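The values are calculated or read from the model by the stated rules, or taken from the named source; none is laboratory data. This is a predicted model, so every value here is computed, not measured. So basically every Cβ, Gly included, is an ideal-geometry build from the backbone, and we count neighbours across all protein chains shown. Note: accessible area is taken over every heavy atom of the protein model, side chains too, but ligands, DNA and RNA are not part of it. Shrake-Rupley method; radii C 1.70, N 1.55, O 1.52, S 1.80 Å.
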Amino acid sequence: MRNTDSLFAYGLTASRYVIILLSVAIIVRCFRSMLSEKYEDETWAYVKHGNVRMPVTHWENIIGRSRSADIQLTNEKVSKVHAVLTRNDKGVWKLFDVFSKGGVWVNGQKVEGTGVAVCDGDVFNLAGVTLHFSVVSTERRKTLEKKRTSAGKRVSPAMTLLELTVLQLFLLLQHLISAREEHVLEIALSFAVVILLQWCCYYAMRVINRSGFETETLAFYLTTLGLSVAASSVPDNMFKQICLILASVLLFLICGWWLRNLRRTAALRIPAAVAALGLLAINLLISHETNGAKNWIELWGYSVQPSELVKVAYIYVGASTLDRLYMKKNLYVFIGFSAICVIALALMGDFGTALVFFVAFLVIAFMRSGSLATVLLAVSGAGMAGFLAVSIKPYIAQRFATWGHVWEDAYNAGYQQTRAMSAAAGGGLIGKGAGAGWLESIVAADTDMVFGMICEEEGLIVGLCAALAVLALAFFAVRAARRGRSAFYAIAACASVTMLTVQLALNVFGSMDILPFTGVTFPFVSRGGTSLLSCWMLMAFLKSADTRRGASFVVRPVEDPAESEAADK
């Protein structure tokens, strides 16, 4: 009997090492695939200046003397930001005059106001500098597309997904060992559904000739850790958790399909803004206060956090530049919209989410205006608003006062953080095993303190892998955005990962007392339905920026404009 118990203990310990090795392997493979593969530009047109022919690789292109211009001209007569050349998904090109001193002409016609439509063979004149414009034909674009590197060529996405499946099975094994008998079936079915769901998504992408699956793999990896957290803390609610996961992935696919058409996307930006403000207003009017914050609404026995859904609408509205790129009036409207959102969150007492929104605003404002002055002005205003919030909301000031001193008040203000740090330290590098920890009995252990719970049960290495998974998405977004077709895709992707990264930092460092505790969730991992829904929907924005050949179902393949319009209908 003792030999059997010893073998059982050794097997359980071995499973922890296997989960660690597989976690590291998944992160390394996704990093390698997303960051080391070739990212060739798509070429849509050419602008010829003298004997120099410059490719047009985006749908919104800045023309000017600035070093950051997409089409750079060295002539001193040309302004730093002289004109913007845009393309819509019908293939129509337009030229706008922005901030220029010498003016812009197309075939002798002066460009003013709403811009001028341009065609193949047109001649541009920018302050006396002559440019010849030529459009790449559909047949030529198809030829160029075939020369680009396919996504997933260096690192097999199927093999990475297989490693994730094995990790899920070992994680399930640990839960089956530690769970009560009445919860075994629910936990087993939940993990089975997630495994089936991820493989169905993968094969669905293969059917439509999509080979890039890194972002989905990382999202499923983090979602699996979140499922493990739910199995440890609320095993009675596994059916609810799996329904939320199914709904989240479905919304990810729906959002991806919607973003394929930028004209349709832009048309909905005002209704999206109205819906966001409406959700915040409802939140302020009927929400109940919890720990000083009014950010939850009870609906049919379920708690909903509207601010999580507002995140998606906020990025949707903020990234919708399209032909309004560099138009100050449009930027000022967005600044007003942002101010209303942040003020509403401050009135709710949700300081952490307000900070997440503000950092995302800085990213969107800078990417849309290119103005550091705008960003510095916003930071100054936020500093004064933060000081006012601390003065009005005493519990926020108390959190700042506790920061760095939680062990001095371990049974009151520092109760949660000291327990989270103790549990994380107790887990060591390899953890105690899924469901074998004690932190889950502490209030908000599976939400605000979830990093400590992951470290206790699965070990510090797995906890760091979870953090690296979010960072991998951030690095990928920055790299992919540089070659994104449209400014909408680039801005939306960067703003989305900004939100996820700031949430990650506030959750991890806040629970470990490195930063003030703000009570925000760990993306995908913290238990919470609306948080999971918003994270998966943000993945659609990230996926939209991936223009590698065959990488994204959001990006429409090269096809005739007539075929594109028929597909939309």
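The stretch between Arg482 and Ile343 holds 46.8 nm of extra length on full extension. This uses 0.36 nm per residue minus the Cα-Cα distance.
The length gained on full extension between Leu268 and Ala444, counted as 0.36 nm times the residue separation minus their Cα-Cα distance, comes to 59.7 nm.
Just how far, in whole angstrom, is region 465-503 from region 140-186 if you go by their alpha carbon centroids? Region 140-186 and region 465-503 have Cα centres spaced 21 Å from each other.
When the Cα positions of Ala490, Met512, Gln241 are compared along the charge dipole of the chain, Ala490 comes out farthest toward the positive end, with charges on each C-beta of Lys, Arg, Asp and Glu.
Calculate how large, on average over all directions, the projected area of the Cα convex hull of region 48-104 is; give the answer in nm² to one decimal. If you can, show how the numbers build up before the last one.
Values: hull surface 16.1 nm².
Here the figure is 4.0 nm², rounded to one decimal.
Calculate the translational D of region 211-258 in whole µm² s⁻¹ from Stokes-Einstein, where the hydrodynamic radius comes from the Kirkwood formula applied to all Cα pairs, the temperature is 37 °C and the viscosity 0.692 mPa s. Write down the numbers at each step before the final one.
Values: Rh = 11.8 Å.
Rounded to a whole number, D works out at 279 µm²/s.
Modelled label positions at Trp257 and Ala14, each set 7 Å beyond Cα in the direction of Cβ, lie 4.6 nm from each other.
Packing, taken as the mean count of other beta carbons within 10 Å per residue, orders the peptides 22-29, 163-170, 220-227, 113-120 from highest to lowest as 220-227, 22-29, 163-170, 113-120.
Here the alpha carbons of region 108-206 define both size measures, Rg and Dmax, at 27.7, 81 Å.
How high is the relative contact order of region 394-498, in percent, counting Cα pairs under 8 Å that sit 6 or more residues apart? If you can, show how the numbers build up before the last one.
Values: 118 pairs, mean separation 20.8, N = 105.
The value is 20 percent.
Summarised in one figure, the compactness ratio Rg/Rh of region 166-269, Cα atoms and Kirkwood Rh, is 1.07. Remark: region 1-111 carries a charge dipole of roughly 300 debye about the Cα centre, counting +1 on each Lys and Arg Cβ and -1 on each Asp and Glu Cβ.
Computed over region 51-190, the range of Cα coordinates on each principal axis works out to 80, 33, 28 Å, biggest value leading.
Evaluate the relative contact order of the chain (contact order divided by residue number), counting alpha-carbon pairs under 8 angstrom at least 6 apart; express in whole percent. Don't skip to the answer; put the middle values down first.
Numbers: 957 pairs, mean separation 103.1, N = 569.
Once normalised by length, the contact order is 18 percent.
In the chain, if the dipole is taken from +1 on Lys/Arg beta carbons and -1 on Asp/Glu beta carbons about the Cα centre, which of Leu169, Ala192, Val333 is farthest to the positive end? So the residue we want is Val333. For region 464-506, the alpha-carbon coordinates run over 33, 16, 9 Å along the three principal axes, in decreasing order. The order of Leu162, Leu362, Leu309 by accessible area, most exposed first and with a 1.4 Å probe, is Leu162, Leu309, Leu362. With kT/(6 pi eta Rh) evaluated at 25 °C and eta = 0.890 mPa s, and Rh the Kirkwood radius from Cα pairs, the chain diffuses with a coefficient of 97 µm²/s according to Stokes-Einstein.
Counting other C-beta atoms within 10 Å, and keeping those with at most 16, which DSSP coil chymotrypsin sites (Phe, Trp or Tyr not before Pro) do you find in region 430-536? Present the calculation step by step, with values, prior to reporting the outcome.
Numbers: sites: Trp438, Phe451, Phe475, Phe476, Phe488, Tyr489, Phe509, Phe517, Phe524, Trp536; in loops: Trp438, Phe517, Phe524.
Counting only loop positions with at most 16 other Cβ atoms within 10 Å, the chymotrypsin sites (Phe, Trp or Tyr not before Pro) in region 430-536 are Trp438.
If the chain linking Phe475 and Leu185 were pulled fully straight, counting 0.36 nm for each residue of separation and taking away their Cα-Cα distance, it would gain 100.5 nm.
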